[in-house]
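Here is the structure we will look at.
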Amino acid sequence: MTITPWGETGPVADAMSQISRTALSVQGLTVMRGGRTVLDGVGFSLEAGTITAIVGRSGVGKTTLLHCLNGLIRPEAGRIEVEGRGALDDPAVLQAHRRRSATVYQDHALIGRMTALDNVLLGLADRRHPLSPLPWPKEMKQQAAQVLDEVGLLDRAGARVRDLSGGERQRVGLARALVRRPRLLLGDEPFASADPVLTRAFSDDIRRAVDRGGLTVLLVLHQLEVAVRLADRIIGLADGQVVYNGSAEHFTADARRRVFQGLEGEPA
């Protein structure tokens with residue numbers, strides 16, 4: 001069954017969609033897993049220079065959707081198109097998209113024995129020969145140091161990651177993504193293990209990155225209060241389909257019930 005998503009409609013919304021610049025568009029995305037439809041004809045667009053939050057119940061397909069967007073999963077059907085490049089089913093477009101995007105993970109995926117600076121440099125690993133015995137080029141080290149400074153961790157550049165606090169490790173993970181100077185930043189539950197103070201600080205880091213460089217951000221989030229406060233736009237998934245696509249300020253109690261109670265009204 002096709003669901004008409006809640007959100008903003010009408011002449012004003014249509015006019016705004018004409019003015020805004022689309023960074024990435026998703027059309028009819030369908031993904032099967034173990035004979036089950038995880039995503040069923042999902043479609044939406046990401047506006048350049050904005051933050052979008054993907055919300056929904058556990059197992060609804062949020063992480064699967066993110067993995068489609070960074071090219072780790074190939075959908076059974078549908079099209080993902082990058083502004084000015086083409087569709088991701090073209091290998092050349094996918095390669096260029098991966099170079100222009102970065103992902104922040106819940107567990108940060110850092111190497112504890114390495115320094116903060118060296119972990120950030122790993123974000124640039126695909127831009128040098130993987131078997132090179134040479135030290136990291138000076139310009140890459142400077143780039144990594146600059147991003148650590150941007151997230152307030154330059155003074156900890158030489159510290160081993162295993163000796164850093166949880167909040168500091170989060171910022172190293174963010175710096176490793178930002179060192180690529182991506183056009184698109186994806187995040188899979190990046191605040192899941194953070195307390196409210198760290199979550200707010202990390203959110204502020206992301207917002208500053210967007211405001212500074214026109215970065216486009218899509219985050220899978222389970223904390224609704226964080227999604228509403230941080231995101232410009234919220235996309236709600238239920239039963240593998242988009243049931244809400246609109247501004248954070250219009251994500252009302254009725255819209256939340258539709259996302260978290262499912263199509264048949266079952267409790268979340």
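The values are calculated or read from the model by the stated rules, or taken from the named source; none is laboratory data. Worth saying up front: this structure is predicted, and the values here are computed from it rather than measured. Quick reminder, even Gly has a Cβ in these numbers, built from the backbone with ideal geometry, and neighbours come from all protein chains shown.
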Every residue in segment 24-53 that is touching a Gly at 6+ places or on another chain (Cβ under 8 Å) and of a type in the set (A, V, I, L, M, F, W, C), please. Val26, Leu29, Val31, Val38, Leu39, Val42, Ala48
So Arg74, is it in contact (Cβ under 8 Å) with a residue 24 or more places away in the chain and out of contact with any Asp or Glu (no Cβ under 6 Å at 6 or more places or on another chain): no
Output the residue which, of all residues in segment 220-232 that are outside any loop (DSSP other than H, G, I, E, B) and in contact (Cβ under 8 Å) with a residue 12 or more places away in the chain, is surrounded by the fewest Cβ atoms within 10 Å (Cβ to Cβ). Arg229
Mind checking which residues of segment 184-219 are surrounded by 23 or more Cβ atoms within 10 Å (Cβ to Cβ), touching a Gly at 6+ places or on another chain (Cβ under 8 Å) and either part of a strand (DSSP E or B) or small (Gly, Ala, Ser) (or both)? Thr216, Val217, Leu218, Leu219
Do the conditions hold for Arg33, that is, is it in the same structural domain as Gln223 (by TED's automatic domain parsing), loosely packed, with under 15 Cβ neighbours inside 10 Å and touching a residue at least 60 places away in the same chain (Cβ under 8 Å)? no
Verdict on Gly49 being surrounded by 13 or more Cβ atoms within 10 Å (Cβ to Cβ) and either outside the structural domain of Ala238 (by TED's automatic domain parsing) or at pLDDT below 95 (or both): yes
